[in-house]
1. Looking at B:Leu548, B:Leu583 in this structure, which one is of a type outside the set (S, T, N, Q) and either touching a helix residue (DSSP H, G or I) at 6+ places or on another chain (Cβ under 8 Å) or modelled with pLDDT of 95 or more (or both)?
2. Can you confirm whether the range B:188-201 contains a residue that is away from chain A (no Cβ under 14 Å), out of contact with any Asp or Glu (no Cβ under 6 Å at 6 or more places or on another chain) and over 16 Å from B:Leu274 (Cβ atoms)?
3. Restricting to the range B:222-268, give me the number of residues that are under 22 Å from B:Ile163 (Cα atoms) and in a strand (DSSP E or B).
4. Filter the range A:282-292 down to the residues that are without any contact (Cβ under 8 Å) to a residue 40 or more places away in the chain and either surrounded by 15 or more Cβ atoms within 10 Å (Cβ to Cβ) or farther than 12 Å from A:Arg251 by Cα (or both) and list them by number.
5. From the set of residues in the range B:146-167 that are surrounded by fewer than 18 Cβ atoms within 10 Å (Cβ to Cβ), more than 11 Å from chain A (Cβ to nearest Cβ) and assigned to a loop (DSSP other than H, G, I, E, B), which is farthest from the chain's Cα centre (by Cα)?
6. For A:Glu276, indicate whether it is closer than 16 Å to A:Ala108 by Cβ, at pLDDT 95 or above and of a type outside the set (Val, Ile, Thr).
7. Only residues that are of a type in the set (Val, Ile, Thr) and out of contact with any Ser or Thr (no Cβ under 9 Å at 6 or more places or on another chain): list them for the range B:210-237, please.
8. Could you please let me know if B:Val42 is within 22 Å of the chain's Cα centre (by Cα), surrounded by 24 or more Cβ atoms within 10 Å (Cβ to Cβ), modelled with pLDDT of 95 or more and within 14 Å of chain A (Cβ to nearest Cβ)?
Number of protein chains: 2
Amino acid sequence: MDINMAKESIHMDSARIITEDGFRLDRASETRFTVSNGCFAVRGTSEELYDNETPGTYVAGVFDKGNSAVTELVNLPYPFGMRIYIDREYVDLREWTVGFHRRELDMARGVLTREYAAADAKGRRLRVRTERLASMAKRYIGASRIVITCENFGGVVNVENFIDCNVYNLKNNPNERERHFAARTSADDNAARVICATKDGDYTVAIAVNAKTRSLAKAGCIGRYSRDFGNYAAVYDDFEVEEGAVIELERVTAFCSSREVSSDLTEKTVSGRLAEGLKTGWDKLLAEHVREMENLWERADITIDGDSEADKALRFCLYNLICSANPLDEEVSIGAKGLHGEGYKGHVFWDTELFMLPFFTYALPDYARALLSYRWHKLEGAKKNAEAGGYAGARYPWESADSGLEETPSWGFDYKRNKVRIWTGDIEIHITCDIAYAMREYVRASGDTEFLRERAAPVIFETARFWASRLEYDKERDLYDIKGVIGPDEFHEHIDNNAYTNTLARWNLRYAAELAAEYGAGSGVTDKEANIWVDVADKICVPRSGGLIEQYDGFFKKQDVLITEFDANQMPLWPEGVDITKLGKYQIVKQADVVMLMHLLGEEFTPEEMKENYIYYENRTMHKSSLGPSMYALMGARTGQHGKAYANFMRTVLTDIADNQGNTAHGIHAAAAGGAWCAVFYGFCGIGVDAAGNLVIDPWLPEKWNGITMNFHFLGRRLRLTVTHGEVKLERLSGPEGLTATVNGGAVEL
Amino acid sequence: MDINMAKESIHMDSARIITEDGFRLDRASETRFTVSNGCFAVRGTSEELYDNETPGTYVAGVFDKGNSAVTELVNLPYPFGMRIYIDREYVDLREWTVGFHRRELDMARGVLTREYAAADAKGRRLRVRTERLASMAKRYIGASRIVITCENFGGVVNVENFIDCNVYNLKNNPNERERHFAARTSADDNAARVICATKDGDYTVAIAVNAKTRSLAKAGCIGRYSRDFGNYAAVYDDFEVEEGAVIELERVTAFCSSREVSSDLTEKTVSGRLAEGLKTGWDKLLAEHVREMENLWERADITIDGDSEADKALRFCLYNLICSANPLDEEVSIGAKGLHGEGYKGHVFWDTELFMLPFFTYALPDYARALLSYRWHKLEGAKKNAEAGGYAGARYPWESADSGLEETPSWGFDYKRNKVRIWTGDIEIHITCDIAYAMREYVRASGDTEFLRERAAPVIFETARFWASRLEYDKERDLYDIKGVIGPDEFHEHIDNNAYTNTLARWNLRYAAELAAEYGAGSGVTDKEANIWVDVADKICVPRSGGLIEQYDGFFKKQDVLITEFDANQMPLWPEGVDITKLGKYQIVKQADVVMLMHLLGEEFTPEEMKENYIYYENRTMHKSSLGPSMYALMGARTGQHGKAYANFMRTVLTDIADNQGNTAHGIHAAAAGGAWCAVFYGFCGIGVDAAGNLVIDPWLPEKWNGITMNFHFLGRRLRLTVTHGEVKLERLSGPEGLTATVNGGAVEL
């Protein structure tokens, strides 16, 4: 069954295959067809690399500022280049008649296949099939198989395997385009290579590529040679072919960066990796990669029965998350756009900890541990951020790259080159408690007490210290305020006592005090300090108005405008008369803020409060962030707002497959993908952890769905939950016995 | 009136304008719309520079071998790059709807104009007009004017003026592609620059570009900045525009090479030239360029009345010749493909001396003097060539670049990579007497006795010495043979006593002896040596068979096959049964050989012999060289073969405008262009010089033509010849009185 998404060329043929038909140079599809293993990623541009494509090749953690306004994930040379020449004429598909062109992303195996049949003006018919993968088994290796069929002509076929250094960050933006490296290319019959030194000198990356002939039918290789053009390097094979000839090649791309070895060893290492990869060969590289992918899916898969669109789109979300992370690398985390594009410059936001992390925490805890360790490794940077602002402890940056320092620019330009002050890096400080929260969530799910003691606790103590110093005491009210912040709803800046921020900061202080008590003297926290944390936490101002939480001090005094009109996609339209340059005037919000708080700290609210707030705020939400729908799906399910829950779930789960935000070209919406998983896990399956640390399951299924089957981990066990309209089934697949869960209100022993 | 050429997009609107309609990325038009001033040339690729174009930027005399098989004219960075972005979106015409796109080459003024109107999916309508020229007044300066009209949108328009180093010799050939330089780019608000050092280290070329705002309507410049990307460099201007805005810019490209100044001065010099050019401004740069062009046309123009197709196509030929030469540079000459492409690697062949030179000799004698001086400057190289072969004197190379040494490769590869021995560099030695002949022709027409003594005589003596040593004496026949050569007809290799070669060699020896006698002791030639030249010349074997000249020893014994079939363009088809891998077996020839000899040394043949040989050889000519038709036109007119004369004239004159050889993409056919002039001058106008040095005019006009008006120089006079069917009119426009000419057999005093 084919399901047509918003872009009609994109559909999903089977539960695990995303298909694009037709020869298109579509930037959203470049993102969708990225191959990535969390160590390196290459966007889904054609092998030929046409100048109207936007190539992107990234090595996780390799950042540079150079001439850019901010530090960016570096777009490195394109290593998947392969061009075909027939009797010295380049097979340029823009000039050929393309009879058939299909790309298939097999998510189960992690293999992208491209196949096309084309003919030129002379009537020569060519068929080409390429497969590519970023190995999950050897994370520095990319592998391809190429099959060229000369349907009705003989002559000489030349295959050029190349690395191209003509790549730019923000290629399509004349104001911000930058090339973040100096490249030194070389080529011989064993490889085309490039060594890149980033402009600021922080990193060296070496990439090497070569191909070998796999099989030949009616064809013979008549020569191999190589060329180094300074800006690109290539290895060439000439084949003399007869009509009907089939040339089959396999090629390997090897990466190495100074993040792994010293700068002067990158070239040697990459050459060794390339040679080893070629020796291993496609069959074995493919097999070990697929084995790893299957293993990952076994741990992480979800099936939604009865809604194939949701089922497949959710799998695409999970696929993108899996491919964005690398459990072997604790010094990197997942950017807001994955490793799939340059949106948000590869920076890490709260998106990772609160939207993506839950998936890893419950499905792939080793990944979660590595991702959270990134924050622990950047603790020194976070301390510097706090110090720079005159505060104690650690303040995590709103945008984080490789140092842990704040990477958000203070100033930007609007498109008329007017200077615009950007405040998020200064005052959107809730990320600091978000990180502490995510660490607790991981520990609670995994029982990883070693991580808690060694890595989480230092973070939680330092963030508590930040909050304690950041609070302002109001003697008159005997309350502590957090003034001048931005909450998750970024329509309102420089606000006081954002309920979300204050409540989570309170939680952070209290949890830090608990941990200090637990660890005692070894914690490095004095009793006095811990007592202060408890005292100030109790007096943090959280504005309320009956059951309704006021998003921040004075929100309810803002002008209340009704959202009444929706576009064709059921997305809200700006109410008439709203001045979008002064959004702070109105009670309209960008995305979930109070509602998100109620998800995170649900134990602090009654079901009635949750429902009341959900209805109030959902009616006032413009959904101008891709982070919003997942939370409204999740909380819609938990508060019985079922229509909203399903609609918002479909919105979040289809974000990139349907490009419904219109900017998938710049990378995946990794938080929307993670949020989709959260909506299923916390929302539809209703999974939570109670105060005693026990699993609570209280599902609700959209009517359309027959059931959900979901694999996840809890306290060292692999579990499988199956939810249908009539039944909830929780199985233990592996791990120790003796787990108690509360299912639909009743205790169950597994 | 529009005349449609073979490529229907190309037509000629007025006598001096070549027009292309439609947005095409056509490689033949890149050649046709080259702007060149003989010092530098830039092929007619778009300002945007799409990757399916073939940019070519050449500085005359800048050659390099690098990794190529032979020394090549270096393809330098593309300096005419200009891209437009609207609200940061690149105006890529391949993605826009192009409502109108026209290019006009104004040959009278030497200005290429491009104008287009296009709209994008958002309905924004843009109109752009660019003009470009390679200044004839300041040969190191290129200038452009750019007018951008924002028909129905406001926003920010960004204009990027760039130099792109991603250029290659033989870009489209995977086997021979090369980048012949290392580039160092830089950019600041004053310029985007590149300094190129050729791989072999022989040359440094600096190029700098910048634009300035000329006028703005409904638009304001809101920022200028620059970027150096290592492989390209650019200067950017951001304009805030209203609907209907018009942005007008002028830009200057400056060149400097180490051929003019020392390597370390190129950058400084180019910056100075750029600044001066920008200060001078478009209006003045245009005016002084046009003045120079008008001056050139005044001296060189021909009008064919009654045949506008022939008239305009001939003017296009002359335009290309004018733009390929630089009278200020004696160290370069014109390659077989002009400065318009990479065919024949920019090498200079006999094409220059025998096909192009006559035009310069008679129309622009200062150009002729410079072009012939190139050979004088390379005399040392020619002597080395002779020495390398064990001969005395000077042997000019079949293919010549910057050293005068033989540049023809000894080995090549066929397209299946089989090694093929190339013999022309070894044995197509007639070029050596061709050069001597061209010098005599120049001197005879110009009366430049200083050139004769200082530059021509040394060449004529050294070439005579070569011939004297190259001859082989056959005691039995008491004759001198020249064995193992290739004549102009390259179908027959390793032949003995080619009539063309032997007769011109004889002429060379005799003329050398004459000059030696004239100059006496100062000539450096002893009486003894001069006497030997006369003796051996008299005994050079020239095979004849009655009035018919045998092309070489044994030609008439070859298999005689009849050419009976012709293609749609009246080009001969291979006779059935001919084995094209063994063409030496047959009496079929590639191009004029004996017939060409009869043009050059007409005084040695009777009219009856000329006619007999013309008919015999023309019937056996396959016309597989673009050099052939002009000679068959010329000699057709002189021998009364009028149908053949006109048909062959149209063939030669349309070569590049109609791309009738199918390879205009690789550069103009400069010999076909020059040959067209020769056919008019020597053929239709019947102009020659008799033994006494007097002008002889014996015209014949194709029936279709009403008349020819032709300007030329003779012995210090500027003359105008007007030929109609009833009348011949010769006017003296300037210069001394007292010229006697023989017109239609009768003496005329001017």
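1. Result: B:Leu548 is the single residue among B:Leu548, B:Leu583 that is of a type outside the set (S, T, N, Q) and either touching a helix residue (DSSP H, G or I) at 6+ places or on another chain (Cβ under 8 Å) or modelled with pLDDT of 95 or more (or both).
2. yes
3. Looking only at that region, the number is 25.
4. First, pick out the residues of the range A:282-292 that are without any contact (Cβ under 8 Å) to a residue 40 or more places away in the chain: A:283-284, A:287.
A:Lys284, A:Ala287 - these are the residues of the range A:282-292 that are without any contact (Cβ under 8 Å) to a residue 40 or more places away in the chain and either surrounded by 15 or more Cβ atoms within 10 Å (Cβ to Cβ) or farther than 12 Å from A:Arg251 by Cα (or both).
5. Going through the qualifying residues, I end up with B:Asn152.
6. Against the criterion (closer than 16 Å to A:Ala108 by Cβ, at pLDDT 95 or above and of a type outside the set (Val, Ile, Thr)), A:Glu276 does not qualify.
7. B:Thr213, B:Ile222
8. When the stated conditions are applied, B:Val42 does not pass them.
The values are calculated or read from the model by the stated rules, or taken from the named source; none is laboratory data. Keep in mind the model is a prediction, meaning the values are calculated, not measured. Here the Cβ is made from the backbone with ideal geometry for all residues, glycine too, and neighbour counts use every protein chain on show.
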